[in-house]
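Presented below is the structure to which this report refers.
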Amino acid sequence: MTDQQLRLSFEFFPAKTPEGREKLLKVRTQLSEFEPDFFSVTYGAGGSTRDNTKGLVKHFHSLGVPVAPHLSFGGDTEESIKALIDEYRDAGIERMVALRGDMPSGVGGSFEMVYANELVAFIRKHYGDHFHLEVAAYPEIHPQAKSYGEDIRYLKGKFDAGANSGITQYFYNPDAYFYFMDQCHRAGIQQPIYPGIMPIINYRNLTRFSDACGAEIPRWLRKRLESYGEDAESLKAFGEELVTELCEVLLENGAPGLHFYTMNQYEPTASIVRNLGLVPAEVTDSAVSE
Ligand code: FAD
């Protein structure tokens, strides 16, 4: 990266098919050109992608690629979650994204969720400072939170339990992040919280995700995206410009780096990172000499 102070990370979800996995591996290789600080791999609701997440994380690590598994208790017992973390530690993994996660669909109401602060405390208790722990943060507030203040208090609880840094849910209104950071500082949170960035690739999928996770797409933006109808190329071009501007505003106003929800695709993330000039010197040099 041009600015060594900025942290850059890229998130994948485990592919469901062999073709998807092949594509993901290629995208990972391509995105490595930006020398991200790490890649992360999500963990399906209730641990549904446990083996796929683990397989991918260990594969990346074996290639010398910095990688962080996402992890939640889901329906696991303490023994089985500990066995999984042991495996990561023994493989040499040093970073994790610790989450409560969501209830897998079809699981009844008696299922007891383990809050993310409890998972952080569990990892610190058993593994000391071995892992750098990331936790989730919500500038537009977690959909189940009872109030803004309560959500910030619970976030502080995750840091008090030993988390090192946060990554946010995506958002398109930079003021939501700045206000949130202000409130976090007032609540005594000193740790860095990295904005999560969702490139705009497909309107229907974006609204579906956003409705599910409580990320707001401002009305003007919904209307603008709707207006592209089936014109996918124009939508992507508009999305690239908009998200690049969002990232510029965030970085100019003190965001400590960026975490991209890549959706396992190269171009949408790569074009934004290039627009921002977050390209290692040797990549810029070779582009000039070509
Ligand atoms: P928590 O921090 O535990 O919070 C959950 C809710 O409970 C909030 O409303 C909070 O206010 C409240 N709360 C927190 N602590 C307490 C407490 N001690 N007592 C009472 N209430 C409390 N989902 C996946 O399934 N897999 C993934 O890989 C994944 N990766 C993610 C990565 C990032 C960066 C983000 C932002 C989200 C990710 N998610 C993932 C989604 C996440 O799992 C959901 O948003 C989930 O509903 C909450 O997880 P959490 O870790 O934020 O939970």
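Side notes on the structure shown:
- Computed packing ranks the peptides 116-127, 35-46 as 35-46, 116-127, most packed first, by mean other Cβ atoms within 10 Å.
- Note on LYS23: lysines with a C-alpha under 27 Å away, same-chain residues under 8 apart excluded, are LYS54, LYS58, LYS236.
- Taking Lys and Arg as +1 and Asp and Glu as -1, the other residues whose beta-carbon sits under 15 Å from that of MET96 total 0.
- For LYS156, the lysines whose Cα falls under 17 Å of its own Cα, not counting residues fewer than eight places away in the same chain, are LYS146.
- Extension gain, SER32-HIS185: 0.36 nm per intervening residue step, less the Cα-Cα distance, totals 51.8 nm.
- Debye, to nearest 20: dipole size of the range 7-289, +1 on Lys, Arg Cβ, -1 on Asp, Glu Cβ: 480
- Seen from ILE189, the other residues with C-beta closer than 11 Å to its C-beta sum to a net charge of +2, counting Lys and Arg as +1 and Asp and Glu as -1.
- Straightening the chain between SER234 and SER48 buys 63.4 nm, computed as 0.36 nm per residue apart minus the Cα-Cα spacing.
- Span-like helix ranges in the chain, DSSP H, alpha carbon extent 24 angstrom or more, Kyte mean at least 0.0: 232-252
- Dividing the summed -39500 (n - 2.57) terms of all DSSP H runs of n ≥ 4 by the residue count of the chain sets its mean residue ellipticity at 222 nm at -15000 deg cm²/dmol.
We did not get these values from a lab; they are worked out from the coordinates using the rules stated. Nothing here was measured: the structure is a model prediction, and the numbers come from that model. Methodologically, a virtual Cβ is constructed for each residue, glycine included, from the backbone with ideal geometry; neighbour enumeration extends over all protein chains shown.
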